[in-house]
Amino acid sequence: MTVTADQNDAPRPTTHVHLRLLATSDLHMHLLPYDYHADAPSDAVGLSRVASLIAEARAEVPGALLLDNGDFLQGTPLGDHAAAQAASAGGHPMIGAMNALGYDAVTLGNHEFDFGLEVLEAALADARFPVVSANALRRRGAAPLEDVGLVLPRVILKRRLSDGAGHLHDIRIGVLGVLPPQVVHWDRERLEGRIEVRCMIDAARAHVAALCDEGADVVILLAHCGPSDRPVQAGMENALVPLAGIEGVDALVAGHVHRLIPGPHFTGLPGLDAEAGRVQGKPVVMPGIAGSHLGVLDLWLAPDAEGWRPAAAHTALRPIARRGAHGPEPLVEDAPEVVAEVAKAHAATLASMRRPIGRSEIALHSFTSFAAPCPVIHAINAAQRWYVTQALGPVAEPVLAAAAPFKTGGPSGAEAFTNIAAGTLSYRDLSALYPFPNTLRAIRVTGAELRDWLERAAAAFNRIVPGAANQALLNPAFPGYDFDVIAGIEWQLDLSCPALWSHDGLPLGPGPGRVRGLRHGGEAVEDDDRFIVATNSYRIGGTGLYAPLAEAEVVLSEQIQNREVLARYLAQKASFDGPVAECWRFAPMDGATVHFDSGRGVLHHLPGIRAEGGEAMEPAGLTTDGFQRLRLTI
């Protein structure tokens, strides 16, 4: 069902010109309706499906602009394959598909940099459309307009559009883009000393003014960020609200956080009316993730003494699928030009990822990562601890490992869970276990820092009333990929106490915290104890929930991806073995019942989860958006 929001449904004066903007964001290399991690078709994703919606929307309103808001080059094994083949004569499949669809402009997201500058520049070399970013820089100048950009900072696109009376007018549309400056920390080893990134707000303010001075009638900001309730500050990651407040910005495309606008997310956030598709009163769309939706933003422009100004706006999201009784049901067919463009790379990716790499004696799934011992985290941590122990040799401190589940449903949908059967493993399975090209790090921390690490992860949960029934377990704002579990220690979480930290790392006030009985080897962990923890480059990047980890001493920093660590572990050990370590559990809550949403495949695993010592857990029906709800007694 199309989600729409309209500021003014009244008939338009004949002097008005209709400008339509079509937007994608966070495609993450989902070019086809295919789930590479499951090695099966998926009707929930795919630019080839969005392309059919693009064709329909273009047919309705002549002269529409097609824009992308970033994070298009990374996210699937197809993206990994394309990065490995970056210098090949065939070109990058995503850029080829964008060329075929006639994109008018795109901006960069933070994940464009995950494979390094050489891969990014090789991919963009074949683009037949402008790539803009106002704050990704080769060299910072004294002021934003003096910066040397990595790509174009801004562009003016031209359209000849008719008004209601049939008269043609030349319209100049300014387009610029910005991305989170934290990318230089997240990808430090690839980018340090090679690029700089300016504050999004400062860069946008300067380049919006420049576009207006250059004669743009309308200014569109491709903001690769979401909204936030944090105070406005320089360098903030999710700056959508202050960006919309910049004078001269007429409409925005948002992304990065993988939610939907217009839609029910972000209710009550100051400056944002997400249901109405308005931020600071200006129209905005955020079209989800992986090609789930096409954003459609219509502007009606009225003439004035200086040119044109937006007089009314309409925002909408058009989905590629609807929820059915047995999963997503397609609403559109594939666009053949995208399928043809991707066919060769798709076939090569499937052949590569189906190669065997080892075995797992246990099923590797993330269905109950927030409520019971998680096999995915168990496997990742086993490999990380093994590798760091081998690399460092004898050390005085115990070696631990931290990992989070990457696929836990949430805004990505009811199919977004890891589910790998016991038996032979392929390279596809390693990609499903660890979908990001992070690199391994090991840091030295104290017992106090270890406790703080766990307290921050405990922000995943709502406060629970002991003995009360039917309470929501999970904080919906908390990203699943931030729920770190640290192997090699044991602890309990007392959810009767409030969290010490918000989902994005803001302090919530003093209190006893939630971590109880933190022990190593049966002994209580003291504040001045010291440990070495295997983790990844993204986690110690210096921003977000785990910002303090950037200050820790790095004792191992190798240019080896965490996924390759899994491969080497299997080459040495041959298999992932059980039982799954029960590192943590909830402190007793007088029989309180809570619920959380999982994938439907969880029902196959529930008996085994109970046998491993998890709390009493039972199915509680399907939600309207296709999740399997589970009820847990604590």
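The values are calculated or read from the model by the stated rules, or taken from the named source; none is laboratory data. Bear in mind the structure is a predicted one, so any value in this text is a computation, not a measurement. Note: ideal-geometry Cβ built from the backbone for every residue, glycine included; neighbour counts use all protein chains shown.
Taking (1) part of a helix (DSSP H, G or I); (2) small (Gly, Ala, Ser); (3) in contact (Cβ under 8 Å) with a residue 60 or more places away in the chain; (4) surrounded by 24 or more Cβ atoms within 10 Å (Cβ to Cβ) in turn, ALA134 satisfies each apart from (1). Quick one: is LEU269 free of Cβ contacts under 8 Å to residues at least 60 places away in the same chain and either outside the structural domain of LEU73 (by TED's automatic domain parsing) or in a strand (DSSP E or B) (or both)? No.
Each row is one residue, and each column tells you yes or no for (1) modelled with pLDDT of 95 or more; (2) part of a loop (DSSP other than H, G, I, E, B).
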position	(1), (2)
LEU450	yes, no
LEU454	yes, no
ALA458	yes, no
ARG463	yes, yes
GLY467	yes, yes
PRO476	no, yes
ILE486	yes, no
GLN492	yes, no
CYS497	yes, yes
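A single entry from GLU551, GLU582 fulfils the requirement of being surrounded by fewer than 17 Cβ atoms within 10 Å (Cβ to Cβ) and under 20 Å from GLY488 (Cβ atoms): GLU582. Among the residues making up the stretch 574-599, those that are closer than 16 Å to LEU433 by Cα and in a strand (DSSP E or B) are SER575, PHE576. Restricted to strands (runs of 3 or more DSSP E) entirely inside the stretch 505-573, those with at least 1 residues that are hydroxyl-bearing (Ser, Thr, Tyr) and assigned by TED's automatic domain parsing to the domain that holds GLN492 are 530-536, 553-561.
Output yes when any residue across the stretch 114-129 is charged (D, E, K, R) and part of a strand (DSSP E or B), and no when none is.
Here is the first cut: in the stretch 114-129, the residues charged (D, E, K, R) are 114, 118, 121, 126, 128.
Then drop every residue that is not part of a strand (DSSP E or B), which leaves none.
No, the stretch 114-129 contains no residue that is charged (D, E, K, R) and part of a strand (DSSP E or B).
Within the stretch 285-301, being within 28 Å of GLU329 (Cβ to Cβ) and outside any loop (DSSP other than H, G, I, E, B) holds for VAL285, MET286, PRO287, HIS293, LEU294, GLY295, VAL296, LEU297, ASP298.
Within the stretch 276-286, the set of residues being in contact with a Pro (Cβ under 9 Å, 6 or more places away or on another chain) and either at pLDDT below 95 or over 23 Å from PHE478 (Cβ atoms) (or both) comprises ALA276, GLY277, ARG278, GLN280, LYS282, PRO283, VAL284, VAL285. Highlighted here are the strands (runs of 3 or more DSSP E) found entirely within the stretch 302-374 that include at least 2 residues which are at pLDDT below 95 and touching a Gly at 6+ places or on another chain (Cβ under 9 Å): 321-324, 327-330.
With respect to (1) modelled with pLDDT of 95 or more; (2) under 24 Å from ALA416 (Cβ atoms); (3) in a loop (DSSP other than H, G, I, E, B); (4) touching a Pro at 6+ places or on another chain (Cβ under 7 Å), the lone exception for ALA23 is condition (3).
Among PRO398, PRO394, PRO479, PRO466, which is assigned by TED's automatic domain parsing to the domain that holds PRO510 and either under 30 Å from PRO41 (Cα atoms) or among the polar types (S, T, N, Q) (or both)? Selected residue: PRO479, the only one of PRO398, PRO394, PRO479, PRO466 that is assigned by TED's automatic domain parsing to the domain that holds PRO510 and either under 30 Å from PRO41 (Cα atoms) or among the polar types (S, T, N, Q) (or both).
Per the listing ALA122, ALA136, the residue uniquely over 21 Å from the mean Cα position of the chain (by Cα) and over 15 Å from ILE220 (Cβ atoms) is ALA122. Taking GLY513, is it free of Cβ contacts under 8 Å to residues at least 12 places away in the same chain and over 28 Å from LEU440 (Cβ atoms)? So GLY513 fails the test. Of all the numbered requirements in (1) under 30 Å from ALA234 (Cβ atoms); (2) touching a Lys or Arg at 6+ places or on another chain (Cβ under 6 Å); (3) buried (at least 22 other Cβ atoms within 10 Å of the Cβ), ASP597 misses one, and that requirement is (1). The single condition among (1) at pLDDT below 95; (2) assigned to a helix (DSSP H, G or I) that MET98 does not meet is (1).
Looking only at the stretch 177-195, filter to residues that are surrounded by fewer than 24 Cβ atoms within 10 Å (Cβ to Cβ), of a type in the set (A, V, I, L, M, F, W, C) and in contact with a strand residue (DSSP E or B) (Cβ under 7 Å, 6 or more places away or on another chain); which one of those is nearest to PRO548 (Cα to Cα)? Once the filter is applied, the top-ranked residue is VAL184. Can you name the residue in the stretch 157-167 that is surrounded by fewer than 17 Cβ atoms within 10 Å (Cβ to Cβ) and either of a type outside the set (D, E, K, R) or not in a strand (DSSP E or B) (or both) and is also nearest to the chain's Cα centre (by Cα) among such residues? Taking the candidates together, the pick is SER162.
Of PRO41, PRO62, PRO77, PRO93, which residue is under 30 Å from PHE417 (Cα atoms) and surrounded by fewer than 18 Cβ atoms within 10 Å (Cβ to Cβ)? Lay out the reasoning, then the answer.
Details: PRO62 fails: under 30 Å from PHE417 (Cα atoms); PRO77 fails: surrounded by fewer than 18 Cβ atoms within 10 Å (Cβ to Cβ); PRO93 fails: surrounded by fewer than 18 Cβ atoms within 10 Å (Cβ to Cβ).
Only one candidate passes the filter, namely PRO41.
Applying the criterion of being among the charged types (D, E, K, R) and in a loop (DSSP other than H, G, I, E, B) to the residues of the stretch 207-228, the residue that is surrounded by the most Cβ atoms within 10 Å (Cβ to Cβ) is ASP217.
Here is a yes/no grid of residues against (1) closer than 30 Å to GLU361 by Cβ; (2) of a type outside the set (Gly, Ala, Ser); (3) out of contact with any Asp or Glu (no Cβ under 6 Å at 6 or more places or on another chain):
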site	(1), (2), (3)
PRO435	yes, yes, yes
ASN438	yes, yes, yes
LEU450	yes, yes, yes
ALA468	no, no, yes
PHE478	no, yes, yes
PHE483	yes, yes, yes
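Anything in the stretch 26-41 that is part of a loop (DSSP other than H, G, I, E, B) and of a type outside the set (Gly, Ala, Ser)? List them, or say none. Passing the criteria: ASP26, LEU27, HIS28, MET29, HIS30, LEU31, LEU32, PRO33, TYR36, HIS37, ASP39.
Among the candidates ILE261, ILE320, ILE246, ILE289, single out the residue that is surrounded by fewer than 21 Cβ atoms within 10 Å (Cβ to Cβ) and touching a residue at least 24 places away in the same chain (Cβ under 8 Å).
Numbers: ILE261 fails: surrounded by fewer than 21 Cβ atoms within 10 Å (Cβ to Cβ); ILE320 fails: surrounded by fewer than 21 Cβ atoms within 10 Å (Cβ to Cβ); ILE289 fails: surrounded by fewer than 21 Cβ atoms within 10 Å (Cβ to Cβ).
After applying the criteria, what remains is ILE246.
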